[in-house]
Amino acid sequence: MLDKGIRQKKIMENFKTLFGLAVKYQTFLSYSALSLLAAVGENLFSSIVYKCPCNGWSHIYGLVFLLVPALLLFLFGIMLNVSLWKQVTGCCNTYAIDRGFRYWCGKRLLCLYIILQVTFLAALPPLTWIALALLKVNFYECIVSGLPLDYKKRFCGSNDVCIKELLFIPCASSVKLNLSQAELQEIQGNIRAESQVLGWCLIASILLIAVVATCFSRCHSPVSHLQLMFWKTYIENEQKFLDQDSKQHAAQLAERNVKAFFNQEPQEEFPTPGNKDWNGISTANTWNNKKLCYSPLHKFIERKDDSIKASTRSVLSPAEVNFATAAL
């Protein structure tokens, strides 16, 4: 029985560790899951749902299957970005408009950084979809076959039979063509090569942008590597304690109000942060080397402490009051 209890305790500890890692890397896991969904979805669509019509709709049909799912994945990626919704929530209310967009972003460069970060993360799943679709050729073949006459000459040259029958090449397995087998294989090979080259170029571009962005952000980091690790640890713990205390505080306030409602008795004052306080810790963080603040909450507390110290210093001693009166 004792061994069983120890085993269950270890299992629960391992489960808590996995849950903690999932919460810690929820953004990464969300986008990884969405990218995996894009890969699986592309495979299912291309093998089951997709079938090029080989008529005047071929170009539009291929573009829709290539781009519309990518757009949907991009929108899902935007919806999954928790940090974006933290920043934009309340940014259009009267209080925020009165103070201007600096209330939301702090600085224009920081605002641009947030937008670029959100866009890049949200773009990973749709770009995965497009890259895989290009590597598998089916969508691109349908798009190319429905292009206008001038574009068809890129694959067919002066071959009139090819120009006439390029539209039916995606359906070559079910439609009889006048092209020879060698000509058909050459045209399909050219289309396949162009599609796959575009796919690999897209993958290489994504990785290159990711490497450049990472190098740029690290090189322009306001702190050293070790302090950056400390900063990340602080943010993780601050968020953990904020979530815990928020739940506890909200539960206590709810319990107090419910009891007051049913008992019909006046309750003691319950200290809760006001709108101004919540707004103060909800803005994006801006780094200042003169005042080390690792988060908006940290900055809010430091400013509050400074204002309290300033208010206590503003109270003059009797000797200083007499000296000021004499000087007047």
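Heavy-atom accessible surface of C219, to the nearest 10 Å², is about 110 Å², with a 1.4 Å probe and all protein chains retained. Across region 161-171, rounded Karplus estimates of 3J(HN,Hα) from the backbone phi angles (6.51 cos²θ - 1.76 cosθ + 1.60, θ = phi - 60°) give 5, 5, 4, 6, 9, 4, 4, 9, 4, x, 10 Hz, Gly and Pro being marked x.
Note on H298: accessible area approximately 40 square angstrom, rounded to 10, probe 1.4 Å, nucleic acids and ligands left out.
As an exercise, use a Förster radius of 41 Å and the Cβ-Cβ distance of L292 and I209 to find the FRET efficiency, rounded to the nearest 0.05. My answer for the efficiency is 0.85. Each residue, W85 and V175, gets one label point 7 Å from its Cα in the Cβ direction; the gap between the two is 4.6 nm. In this structure region 144-184 gives 61 Å² per residue of accessible area when probed at 1.4 Å with all protein chains present. Counting only protein heavy atoms and using a 1.4 Å probe, the accessible area of E265 comes to about 110 Å². A P(r) calculated from all alpha carbon pairs of region 210-310, with 5 Å bins opening at zero, reads 2, 10, 13, 18, 15, 13, 10, 7, 5, 3, 2, 1, 0 percent. Of the accessible area of region 126-223, computed with a 1.4 Å probe over protein heavy atoms only, carbon and sulfur atoms account for 62 percent.
Stretching A193 away from D243 to a fully extended chain increases their span by 12.8 nm, per 0.36 nm per residue minus the current alpha-carbon distance. Label positions at E236 and L75, each projected 7 Å from the Cα along the C-beta direction, are separated by 3.5 nm.
For the pair region 168-201 and region 276-294, the centres of their Cα atoms are 58 angstrom apart.
The values are calculated or read from the model by the stated rules, or taken from the named source; none is laboratory data. What you see is a predicted model, and the numbers here were worked out from it, not measured in a lab. Here Cβ is always computed from backbone atoms with ideal geometry, including for glycine, and neighbour counts include all displayed protein chains. Protein only, heavy atoms only, side chains kept; ligands, DNA and RNA dropped before computing areas. Shrake-Rupley method; radii C 1.70, N 1.55, O 1.52, S 1.80 Å.
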